[in-house]
Each structure stands twice: as C-alpha cells, then as structure tokens.
1. With runs of 4+ DSSP H residues as the only contributors, calculate the mean residue ellipticity of the chain at 222 nm using -39,500 (n - 2.57) per run, divided by the residue total and rounded to the nearest 500.
2. Apply the Karplus curve 6.51 cos²θ - 1.76 cosθ + 1.60, θ = phi - 60°, to the phi angles in the range 353-370 and return the couplings in whole Hz, x for Gly and Pro.
3. Could you check how many percent of all C-alpha pairs in the range 370-480 are farther apart than 22 Å?
4. Take the Cα coordinates of the range 516-580, assign each an equal point scatterer, and use the Debye formula without solvent to give log10 I(q)/I(0) at q = 0.13, 0.17, 0.25, 0.27 Å⁻¹.
5. I need the phi-derived Karplus couplings for the range 68-84: 6.51 cos²θ - 1.76 cosθ + 1.60, θ = phi - 60°, integer Hz, Gly and Pro marked x.
6. Sort 412-422, 123-133 by packing, meaning the average of other beta carbons within 10 Å per residue, with the highest value first.
7. Rounded to a whole number, what % of the accessible area of the chain do carbon and sulfur atoms account for, probe 1.4 Å?
8. In the range 83-128, if every C-alpha pair distance is counted and binned at 5 Å from zero, what percent goes to each bin?
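The values are calculated or read from the model by the stated rules, or taken from the named source; none is laboratory data. Bear in mind that the values here come from a model prediction, so they are computed numbers and not experimental data. Heads up, the Cβs are rebuilt from the backbone with ideal geometry, glycines too, and the neighbour counts pull from every protein chain shown. All accessible areas refer to the heavy atoms of the entire protein, side chains included, with ligands and DNA or RNA removed. Shrake-Rupley method; radii C 1.70, N 1.55, O 1.52, S 1.80 Å.
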Amino acid sequence: MRKIFDFHGGIHPPENKEQSLHCAIRDAGIPPVLVLPLSQHIGAPASPVVAVGERVLKGQMIAAAPGFVSVPLHAPSSGTVTAIEDRLIAHPSGLPARCIVIETDGRDEWAELRGAPDYAELDSQDLLAMIRQAGIAGMGGAGFPTAVKLATGPDRAVETLVINGTECEPYITADDILMRERPGRIIEGVKILQHLLQPGETLIGIEDNKPEAIAALSTAAAGSDIEIVKFPTKYPSGGEKQLIEILTGKQVPAGGLPLDVGVICQNVGTAVAIQDAVLFGRPLISRITTVTGAAVDKPGNFEVLLGTLMSYLLSQAGYHPESNNRLIMGGPMMGFTVPDANVPIVKTTNCLLSPDETELPAPPPAQACIRCGMCEQVCPASLLPQQMFWFAQGKEFEKLEQHNLFDCIECGACSWACPSNIPLVQYYRASKAEILQLRAEHTRAEQSRLRFEARQERIEREAAARAEKRAARKKAAEQRAQAAAIGGDGDEDPIQAAIDRAKAKKAAQQAGSARQPDKREQLEKAVLTTRKRLETAEAKLQQARDDGSDLADALQMCVDKTRVKLSAAEQALNDYLQAGPPAEANTHDGLDPAAAAIARAKAARAEDATTSPTDKARKQLESLEQRLQKTRDRLSESRSSGDEEKIIEALEATVVRLEEKISASREALTTAGEA
Ligand code: SF4
Ligand code: SF4
C-alpha cells in the first residue's frame, strides 16, 4: 500500500458536483459559427496560415506556432473562414483578441490524418513533434504547451510520471466523467507518455470522492505498471505541486519546476488528447466541458468543439439568462467572470458555471483584517497571505516577490477562509499583473538605452571619419599648391581647378536629379518599400513573440496593416501594367520630365537670385534646427507616453538624419566664411 502524504493547509468547500453527473457525456454538435482565438495557451499566439474566404477541413491547421513556446490551431469542423479579426474572448482582462472565425458547412469533412499506431517505433523527437503539431496544451486549466513540458532533455531523468485525475474544484466534473467513460483512452495516452519519458513509476492520482472513476481506471490499467492512487478529498489537491507532494512526499522548491524533483505531471484530459494525436493523427479540436449552476435546467458534461460560443452551449443545457447573476469560466474558486455569453470555448475551458443569486451571492463588503491567521493556516503553498495583502495594498512589489508571490497558485483558499471577507486572491492577481508589466517596461527601457548608446557610438564614429577626410583633403590641397608654386604649370590655378571640379560635379548632380521617376517606377518602388517594411515588421513580431513581449499584439496589428498596404500597392502596379502608360504620362506641358525639372529649377534660381548663398545657407540651417527641435520634443513626448517602439525608432532615426544635415550645413557655412 502506497504511503499518502499531506500538504500544508487546504479547505473543504461544498462540492456541488452531483448536479452535472447524472447523465453521460453529451455531444454539443456543430454550431453555425466557430470563433477561435489565436492565443489559447501560455506563450506566443499562433499565426494564421489561412485567408478570409478560404474553405477549411476539419482538423486542418489554420494557424501555426511561431515559436518554441506556442502551439498551432486547427479547424474544429469544415467550413469557410469568414474573418480574422479581434473578438471578445474569455479572459480576466475582458479585452478582445485576434480570432479566426469559421462559418461551418455542416458536412464536418475531415482533412487527411496520419497517426502512428506503432508509436513504439518512433523516437522521442518524432513523438514530441506529433504532440506539438496536434496543438495540445495542458487541459487542466493553465494551458502550457504540452510538448514543451515533455521535452525534458537527455540529462533529466523522470523518476515519477504523475497523471492528475484530482479535479478538486467544486462543481467541475469534466475529468471525472472522462475517467468514468473513457478510461481505456486515458490509459493508452499514459502508455504513450511512458514510452516517451521512460519514468521509474507512473501514478494516477484521484480523490476518494470519485469511486466510479477509480474503479473504471483500475480495470483499464489492470496488468500494466500504472498505479491508481486514491487519497482523501481536500481543496486544492489538484494543484500540480500539491498533488506531487501528496503522491511522492516531495516538495517542489519555491520558483522551481516539478522536474527539479524528478516529476512530470499531466492531466487526464491531456493524456486523451495525446492518444488521439499519436494513434490517429487527430489534433486537439474539442474538449469535455461541464455546464452547471442553478441557471441551467439540464446541467451536464458536453463534448464541445473549440470555438463554440458559450451562448450556444448554454442553450443546450436549458439556460435561463434572467436568473443568472454572473457567468463564470472555471469553478467558483479559481474561475473568472466572462464579459459576455458570446465568447468562445477554448482549450482550457473545463467548466461554465451559471449560478443564480442564491447559489453564489455577491460577496459582502470587506472588513478590516483582524490578524486571525486563518489565511496562513489554509494556504497550500505555505505563504503568508496576510503580509502579502499589506504589501499588495502598498504596492511594495519587491517585498511581495521576496515573499514568493509567484508561488501563489491563486487557489482562493485564503479568501474563502478570511472572516473579514477580504478578496485576498484578487490583490495577488493584480500585483502579479503589475509586476509582469513593470518587468516588460524595464526590458523595453533597457533595449531603448542600448539602441541609444549604439547610435551615439555610430554618430561619433562617423564624425571622426568626416574629420579625417577633411584633414586629408586639406593636406592634399596644400601639397598641390606647393607643387604649383615650385615648378608646376604656371597657367593652372589650383583654386580655380577645384572650383571647376565642384561646378562640374554639381552640374552632373542637377542633371541626374532633373530626371523624375515615371509612374511605373514610382509604383514599383512603392511595392518594394512596402514589402521591405512588412519583412521588418514580421521579424520584429517574431522577436517579440520569442521574447514573450507584450508588444506582440501591437506588432501583429502593424503586420496586418502593412500586408493590406502591400496588397494595395501590388494591385495598383498590376492595374497600371495591364492598362499601359497614358500617352502623355512622361510629359509636362509638352516638355519631357527632365526638361520640365530643369525649367522649374531655373525659375527657382531666378527667384532666389537676390539672396546671397551665405544667407540661403543660414536660412536652411535655421530651418533644419527648428525641425530638429520639434522632432526632439516629439521624441521626448513619445518616450514618456510609452508609444510603440517603431514610432520611437522612426523619430530617433529622423533626429540622427537632421543632426547630420545640420553638421554638414554648419561646415559649409564655416567654409564659406573662411573663403
Ligand atoms: S484571514 Fe483575513 S482577517 Fe485573518 S489574518 Fe488573514 S487577511 Fe486578516
Ligand atoms: S490564493 Fe495564493 S496565497 Fe491564497 S491560499 Fe491560495 S496559494 Fe495561498
């Protein structure tokens, strides 16, 4: 008999699981529209590989993973892509995010799939690639890319593979019903994980409030080396670190990973997804979601396609919106209120809870902390919630981090136990978000500083090079003058020769600049420039995603806009080429463009004839200095208001250009004064 350990703290809230367990898994069917957020996991959002208007098949990849910590996205049913745009999604921020919208055709036509029933022949890299390509992210709630978690590296031995069948949060029964009805698929998935990780032991941990699930899995695992471990019910036993401690007695260190103590943990739903992906080549396109709460007549568990709108799913469970006081994605402890019922089900949606006011009343107003210590007693992460509350109120982020804020699993046990009704976990969530934002800003400022220093270095280098060239020119002129004085051709005046050369050069430049690019050249140039901009924006977007920067969304918009501009520029060029140039396209009032430009230049010179060259140079210098000042002001405003990096970079580049022009202009004035 395996020894069971206990973790610090924990609570016993009312379970409320029976409501959704009285019938088998129901198929939610194919909704008319599927809305698929590109980011349904931790890491960089997927990048669309389909276009609006394109027909897609069920299981076809519609967005690719752009980096290592990311997963692709697949069409849950056949249909047509009708939009790629920002839509409201289920997220605590309540902000919209980029989604691919598919209008389904009801045919549910599969793309070609390729599984590997003989997966034992594959090496670990091939298996990981299959899991990654199937778009699997942890289905227990966090959504971390599964292939990343399983890529342990050659020197990290896995002593224990833990499969999480705990499902400790009240109301949620999606994993329970999965274990009761599909134990064979879970065990098959676990065997694939065993082949991949070669663990010393494999344990499936289940709370003792799920006797049917324990019996079903025990039967399915009979004859294998997979051990089903039952332990007493306590919230939050399903937390990864808490479950590892219960089953092995090992404590994952603060800020550490389970692999640091030789353990890998996966959810039972993820094991089924792995089985589907490896044996049949089926990507993750659906999941089991519990729909429950007093505001639905027929609570239960549904097999639902990802992207299905919550309103559609709720209608199948007999939803009464008028009696629902708030719609929660997840359970009452760790879930969050969704802004609208028209947001989609995603890979991490394990429950839709629709309570009425009696069932989950609004929390009473918070009172002052009475220092009772209840929060500390129930905290499963052995933190000091009361102290963290003070630091969070005072925004003392350094102290919060010293008190291991990021080890808080946001289980809400402290808030539940607090007699003063202080919503402690909300303070921790908000503080984490602020700290992460500050870290991102610090990284941005550091990158900006490095760019600035690099620019200064370049300016100094270029100034030194210019000074060197000037000195060389001066020396050469002196040598020529000396040579002429000693025995050169008495008829040739070296100063006059230099003036003649300068005049010839200027005339050549004027002749060159007089030729204006024709329409076709302009259109071609626009296409090339926009394409280059798109490449640069895509490279920056990729970099931001790899860095996990929160600029990625803004850069994605920039990439989308530039794509549209490129398409417009290409269309314009195409139209021009098909129509052919107009007969007089290259003329101006009957003159050819070069002649017209020369005429305009002559007119301008005549107008300026009364102004001396030195005055003109001074005027030009003043104008440049004004422009420089304005640009610097704008740059300073942009930096302080936190504008996008690309705007700041463009302004910095303009400042450099203007500084160089001013420097050249001053030199010219000095030379004119000396002359
Ligand atoms: S449980 Fe509430 S009242 Fe008690 S110490 Fe913690 S924060 Fe204060
Ligand atoms: S929410 Fe965080 S601080 Fe509160 S009990 Fe859970 S782990 Fe501890």
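1. Numbers: 19 runs with 317 residues, N = 675.
That calculation yields -15500 deg cm²/dmol at 222 nm.
2. 10, 10, x, 9, 5, 6, 5, 10, x, 4, x, x, x, 6, 9, 6, 5, 9
3. On the way: 3327 of 6105 pairs.
Here the long-distance tail beyond 22 Å is 54 percent of all Cα pairs in the range 370-480.
4. Values, matching the q order: -0.43, -0.62, -0.95, -1.04.
5. Karplus values, whole Hz, x for Gly and Pro: 5, 8, 6, 9, x, 10, 10, 6, x, 7, 7, x, 10, 6, 9, 6, 10.
6. Numbers: 412-422: 20.5, 123-133: 17.0.
So the peptides 412-422, 123-133, ranked by packing, come out 412-422, 123-133.
7. Details: 18530 of 34660 Å².
Of the solvent-accessible surface of the chain, carbon and sulfur hold 53 percent.
8. Spelled out per bin, shortest first, that is 5, 14, 11, 10, 10, 12, 17, 15, 5, 0.
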